[in-house]
Amino acid sequence: MRLLLTVVFTFFAALSVAASEIRVPAQVTAGTAITISTSGSGEASFYLIGPASANKTKVQAGSNIPVDSDQLEHAGRYVAILCASDGCTAANFFVNPAEANRLSFLVHPSRIPVGTPDGISAVAIVHDSFRNLALKPSPVTFSIMAKNEKPVSAARTSENGVAWVRLTSARKEGPTRLGAAIGHADEIRVVQQVAADACNLRIKASRDKRGFLIETDPVHDCAGNSVPDGTVVSFTESDAAGKTTVDVPIKRGVAKVEMPIDGRAKITVASGVVTGNELEVAGGQ
Amino acid sequence: MKATALRYGSLLIILSILLLGVVAYRLRATADDELPRVQLNADNIGPRPIEDLTSKTVQRDYALAWQTMEQAVSENKSALLDGYLTGLAKEDFTKRVDSQIKSGLHAHYTDRGHKLDALFYSPSGDAMELRDHAQLDVQILDGGKVIYDEPVNAEFIVLMTPGADRWLVRQIQATNGEKP
């Protein structure tokens, strides 16, 4: 009986000495220091493996191991391992993102015609201060600030760290500032807004030495913005001999071309899908 | 006569064992080179629908990204990350490899597959967010000694962006699976 008791006591005593254990908090917020407690005795190696780190330190089993906040800035799964003379033991824990207070802001396109409905895509990716994706829903405010126009804003709540909005481009050409804000953080992008297609395209003709000079009025879009120089305007002359088309880029707001015309002819003008007025001229003798 | 038969028999057995060894080695090498299995479910993607070709490309490139990440932490070679990772993902894994080298550690992953749920595809097609349910066997080794060996069912939130000819993993973050 005495022998049996000795054996049982020795067995449990051996167990209590040999089994090193490691205890970690179940959840940690990024950038927060923690203490990992261990049991056992003797010299041991402590490993902390995270998404962007894999560190090894010498520790005393049975002591509390402090882990600095800068070792826990990356959100994700961490493994703490303690290897003592009796083997290795491990525990997992998660580091969760901190509060959202940074943004990555993607805006597309960088150049757009005025008044394009839902033409601008704005996507905000919400991060915490350590650039982890902040997955908790957070309010993001998008704004569009066109030159000489009142800013317009729209609020959206992020989902899985992403908030997005489609915006209609402003009525006036020129650079427009687009912003996304969360808390005190904001990001600005600039979208160049250019005139839309020409509107009310009109031509006039005057005689010159070699025929007719055909010239447009200053070319504007329907909101009155000047269509940019370089936009191609097509002049088409139709007479008894057939059709002739000349493509001319707009220069200083107008497009003009000299056309040698014999007899009666019709002249039409177009730019992209927009057509203008038609002229009838009579050249030659 | 009996002795000769015995000699040839022994020789045959030794040759068979050698042959089996070579075959087993070759099979393992092939398995290591295999791409991880990736299944993509894009039923709930929005606001932009995913094109067929993009869907296939994302699956292939995500598998290649995991293959290179696993090789990088196994062989401690951060240059392997250049192909399919960019931005924060590349930065983080490079730091991980650097600190593994410093601590004399390396990790071995046996990839048992990824189930991807596409969550978000931006209207202009310049960013995609996915949730990955991954099954992995993770081993961590200090020198040649295994200090950790565990099967892991992990969940990741992944941000991918298009590069010149492929989709790149820009950010990958393990989550505890809880709804935020």
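The values are calculated or read from the model by the stated rules, or taken from the named source; none is laboratory data. What you see is a predicted model; the values in this text were computed from it and never measured. A quick note on method: Cβ atoms are made from the backbone with ideal geometry, for glycine too, and the neighbour counts reach across all protein chains shown.
Tabulated results
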item: Hits in the stretch A:216-234 (condition: surrounded by fewer than 16 Cβ atoms within 10 Å (Cβ to Cβ) and part of a strand (DSSP E or B)); result: A:V232
item: Filter result (surrounded by fewer than 20 Cβ atoms within 10 Å (Cβ to Cβ) and more than 7 Å from chain A (Cβ to nearest Cβ)) within the stretch B:91-103; result: B:E91, B:T94, B:D98, B:I101, B:K102
item: Filtered residue count, the stretch A:128-148, keeping only those that are surrounded by fewer than 22 Cβ atoms within 10 Å (Cβ to Cβ) and closer than 15 Å to B:L88 by Cα; result: 3
item: Checklist (1) in a strand (DSSP E or B); (2) over 41 Å from the mean Cα position of the chain (by Cα) applied to A:A270, failing item; result: (2)
item: Qualifying residue in the stretch A:191-209 (condition: of a type in the set (S, T, N, Q), touching a residue at least 60 places away in the same chain (Cβ under 8 Å) and closer than 30 Å to A:V126 by Cα); result: yes
item: Leading residue by the ranking (nearest to the other protein chains (Cβ to nearest Cβ)) among those in the stretch B:123-138 that are in contact with a Pro (Cβ under 8 Å, 6 or more places away or on another chain) and under 21 Å from B:T86 (Cα atoms); result: B:S124
item: A:S121, sole failed condition from (1) under 30 Å from A:V194 (Cα atoms); (2) surrounded by fewer than 20 Cβ atoms within 10 Å (Cβ to Cβ); (3) within 11 Å of another protein chain (Cβ to nearest Cβ); result: (2)
item: Subset of the stretch A:102-117 [within 16 Å of the chain's Cα centre (by Cα) and either part of a loop (DSSP other than H, G, I, E, B) or within 17 Å of A:D186 (Cβ to Cβ) (or both)]; result: A:R102, A:L103, A:S104, A:F105, A:L106, A:V107, A:P109, A:S110
item: Given (1) at positive phi; (2) at pLDDT 95 or above, number of the condition A:H127 does not satisfy; result: (1)
item: Boolean, B:D117 is within 30 Å of B:I101 (Cα to Cα) and in a strand (DSSP E or B); result: no
item: Filter pass, B:A107 being in contact with a Leu (Cβ under 9 Å, 6 or more places away or on another chain) and under 19 Å from A:R131 (Cα atoms); result: no
item: Residue in the stretch B:139-147 that is more than 8 Å from chain A (Cβ to nearest Cβ) and under 15 Å from the mean Cα position of the chain (by Cα) present; result: yes
item: The stretch B:163-180, residues that are modelled with pLDDT of 95 or more and buried (at least 16 other Cβ atoms within 10 Å of the Cβ); result: B:W167, B:L168, B:V169, B:R170, B:Q171, B:I172, B:Q173, B:A174
item: Checking B:R166 against (1) under 14 Å from B:D61 (Cα atoms); (2) within 11 Å of another protein chain (Cβ to nearest Cβ), the condition it does not meet; result: (2)
item: Residue under evaluation B:G113, criteria (1) more than 11 Å from chain A (Cβ to nearest Cβ); (2) buried (at least 20 other Cβ atoms within 10 Å of the Cβ), criterion not met; result: (2)
item: Where a residue in the stretch B:114-131 is assigned by TED's automatic domain parsing to the domain that holds B:A65 and its partner, wherever it lies, is assigned to a strand (DSSP E or B) and hydroxyl-bearing (S, T, Y), with Cβ under 7 Å and at least six apart; result: B:S122/A:S121; B:P123/A:S121; B:S124/A:S121; B:D126/B:T161; B:A127/B:T161; B:M128/B:Y121
item: Condition check for A:F93: aromatic (F, W, Y), closer than 30 Å to A:E187 by Cα and part of a strand (DSSP E or B); result: no
item: Residues of the stretch A:74-91 classified as surrounded by fewer than 18 Cβ atoms within 10 Å (Cβ to Cβ) and within 11 Å of chain B (Cβ to nearest Cβ), total; result: 2
item: Near pairs, Cβ below 7 angstrom, 6+ apart or cross-chain, from the stretch A:53-64 (under 16 Å from A:G40 (Cβ atoms) and more than 12 Å from chain B (Cβ to nearest Cβ)) to any residue that is of a type in the set (F, W, Y) and surrounded by 16 or more Cβ atoms within 10 Å (Cβ to Cβ); result: A:V59/A:F46
item: Counted residues, the stretch B:40-53 - those being modelled with pLDDT under 95 and of a type in the set (S, T, N, Q); result: 1
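Condition check ((1) in the same structural domain as A:G161 (by TED's automatic domain parsing); (2) modelled with pLDDT of 95 or more; (3) buried (at least 22 other Cβ atoms within 10 Å of the Cβ)) across all residues:
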| residue | (1), (2), (3) |
| --- | --- |
| A:I36 | no, yes, no |
| A:S41 | no, no, no |
| A:L48 | no, yes, no |
| A:Q60 | no, no, no |
| A:L72 | no, yes, yes |
| A:H108 | yes, no, no |
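Conditions tested, residue by residue: (1) surrounded by fewer than 18 Cβ atoms within 10 Å (Cβ to Cβ); (2) out of contact with any Pro (no Cβ under 8 Å at 6 or more places or on another chain); (3) among the basic types (K, R); (4) within 19 Å of A:S110 (Cβ to Cβ).
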| site | (1), (2), (3), (4) |
| --- | --- |
| A:E173 | no, yes, no, yes |
| A:H184 | yes, yes, no, no |
| A:A195 | no, no, no, yes |
| A:I203 | no, yes, no, no |
| A:R207 | yes, yes, yes, no |
| A:P249 | yes, yes, no, no |
